[in-house]
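What follows is calculated from the coordinates using simple rules that are stated; it is not laboratory data. Quick caveat: nothing in here was measured; it's all calculated off a predicted structure. As a convention, Cβ positions derive from the backbone with ideal geometry for all residues, glycine included, and neighbour counts pool all protein chains shown.
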Amino acid sequence: KLLRCPLSNDGRGRHAFRKGTFPPCIMSVMGGSGMLAVVKVANPTAYGFVKAGEYYLTPNRSFNPWVPPYAGACGLMDAKFIPDGQRVFHLFAECTSREKKKIDGEERERIMLPVTSWHGEDCAGAWLYLGYYEVDDEVPEQTFNFNSIRHVEGGDHAEWERVKYHFRHPRHKFGTDNETAMLKKLKDGGYYDRIDNEIDVTGAVIDPTLKSDTHGKKGLEHYAKKYGVVEVKVMDHLAVREWLREENKKMTLVGVKPCDGDRGYDERVYEALVQAQAWSPKVPRVETDPLLLGPLG
């Protein structure tokens, strides 16, 4: 059953919830660490929805835009998010946000991809409970490499989330926890010299080394705003991206689908999250007007 516009008992849209480390939030009910994407529960909560040693998933939308957008929908997931030895799990999905940006001097709004993850203004950035999901063995695995990610829907942000992750955790790629040592490796390897200009959706050329160009855009500011990077660190992030493009590591996506029958959408989990008021500071509810939601799929 597709639940793009699910209703609560009061006839209004269902609630979305907050991911975090301070209650009330999702982990107040589910347990584990609220900032992880693959959450292992060592000490179960009194609710007992996730047993000791089991996992539930809260993958970031920009890192993995192919996650199912709403309850009942199928989707894809980076295989590294699938816990070893556990093919069935509770799944939460991040609601996409609305972005304001200037294009040719005119401020416009657009919904961040994918549009099917847009559940209304109140839910932007909040998390929906999708229910029990499992790996779909009938869906063939899909393999991408790093250089092809940006060419699929939502891929430019998925690419940059990986860049930012490796910038924050340089040991995985650069063998050091020291940012200065990482930047020295990038400079010595000539990765700053490989940074290319970017072509905006309007056709404008964005040169990160320029303060501005004929289209009225600012290079460093463009990257900083679009991808959430501190402006003085933009060139360093772009150098990391060049490293990752040279490495061109493969990524495997696997299909995920809602479980059948009673192990589909678990109303007890949803009601427990509501009773715990696992949201803050606003009380997000799913938009129920189809005209405000946009495409279903």
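Can you compute the FRET efficiency between Glu271 and His169 using 1/(1 + (r/R0)^6), with r the Cβ-Cβ distance and R0 = 35 Å? Round to the nearest 0.05.
That pair, Glu271 with His169, gives E of 0.40.
For a quick protection proxy, order the peptides 187-196, 53-62, 264-273 by their average other-Cβ count within 10 Å, most packed first.
Those peptides, ordered most packed to least, come out 53-62, 264-273, 187-196.
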